[in-house]
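Below: one structure, written as C-alpha cells.
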Amino acid sequence: MDDNNNTSFDYDYLVIGGGSGGIASAKRAATLYNAKVAVIEKSRLGGTCVNVGCVPKKVMFNAATIADTLSHDAEHYGFLGGKESAKTFDWNKLKKSRDNYVKRLNTIYENGFQNAGVEYIRGDATFEDSNTLIVSSLAEGEEEKEEEEEVQRKEKG
C-alpha cells in the first residue's frame, strides 16, 4: 500500500479455472471493461465438459449412432455392406480423432485469450492471503500424465 491508501494489484481480475465460465468471464472482463485479466489453469483449457465430459462423449455417441445405422438401416437406403461395414470400425482411429478435436478446441480457447488480451498462466493456484495467490507450476510432463489418467478414469467409469 502507498501513503494514499491505494492498493496496487498485478491484475484487475484473476480467474482460477479455465472452464467455460472462467473463459467467458475472463474474455468479457478484458474486452468489454478493458481489465487486466489472467486465467490460472492447471490442466487444458475448456474444463471437464470439453476435455473429458460432454464433448468427447458426444463424439463417441455419434460414432455409436453411425455404427447402429450402418448395421440396421443402411441396406434399406441402398448402401451395401450392412452389418459387415460396421465390423470395419477402427477404435484407435476414432480415439485419435476425438482427442485431436478436443486439442483443437483447447487451442481455439488459448487463441481467444491472446486476441482478448487475457494472460494464460499454467499452474495450480492456492491462496496465500486475501490478496495473494501462489501459482505452482507442474513438473515437465506431469500435466499430460494427469490429463491422460483423468481420461482413462472417465473411459472406464
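What the table shows:
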read-out	value
Index of the failed condition, Gly78 passing every other in (1) over 21 Å from Leu133 (Cβ atoms); (2) at pLDDT 95 or above	(2)
Sole residue being open to solvent by 100 Å² or more (accessible area, probe 1.4 Å), of a type in the set (D, E, K, R) and more than 26 Å from Gly123 (Cα to Cα), chosen from Lys36, Lys58	Lys58
Residue in the range 64-76 that is in contact (Cβ under 8 Å) with a residue 24 or more places away in the chain and surrounded by fewer than 19 Cβ atoms within 10 Å (Cβ to Cβ) present	no
Residue count for the range 94-112, restricted to those that are farther than 21 Å from Lys36 by Cβ and either modelled with pLDDT under 95 or polar (S, T, N, Q) (or both)	4
Members of the range 34-63 that are of a type in the set (A, V, I, L, M) and under 9 Å from Gly19 (Cβ atoms)	Leu45, Val50
Among the residues listed as Ala24, Ala64, Ala29, the single one being among the small types (Gly, Ala, Ser), over 30 Å from Ala125 (Cα atoms) and either in a helix (DSSP H, G or I) or in contact with a Gly (Cβ under 8 Å, 6 or more places away or on another chain) (or both)	Ala64
Scan of the range 113-157 for residues that are open to solvent by 70 Å² or more (accessible area, probe 1.4 Å), part of a helix (DSSP H, G or I), of a type outside the set (S, T, N, Q) and at pLDDT 85 or above, ordered by number	none
Selection from the range 69-89 of residues that are assigned to a helix (DSSP H, G or I) and of a type in the set (A, V, I, L, M, F, W, C)	Leu70, Ala74, Ala86
Members of the range 14-57 that are of a type in the set (Val, Ile, Thr) and within 18 Å of Thr132 (Cα to Cα)	Val15, Ile16, Val37, Val39, Ile40
Flag if Ser43 is in contact (Cβ under 8 Å) with a residue 24 or more places away in the chain, open to solvent by less than 80 Å² (accessible area, probe 1.4 Å), out of contact with any helix residue (DSSP H, G or I) (no Cβ under 7 Å at 6 or more places or on another chain) and of a type in the set (Ser, Thr, Tyr)	no
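The values are calculated or read from the model by the stated rules, or taken from the named source; none is laboratory data. Source: prediction; values computed, not measured. For neighbour counting, all protein chains shown are included, and Cβ atoms are generated from backbone atoms with ideal geometry for every residue, glycine included. Heavy atoms of the whole protein, side chains included, go into the accessibility calculation; ligands, DNA and RNA do not. Shrake-Rupley method; radii C 1.70, N 1.55, O 1.52, S 1.80 Å.
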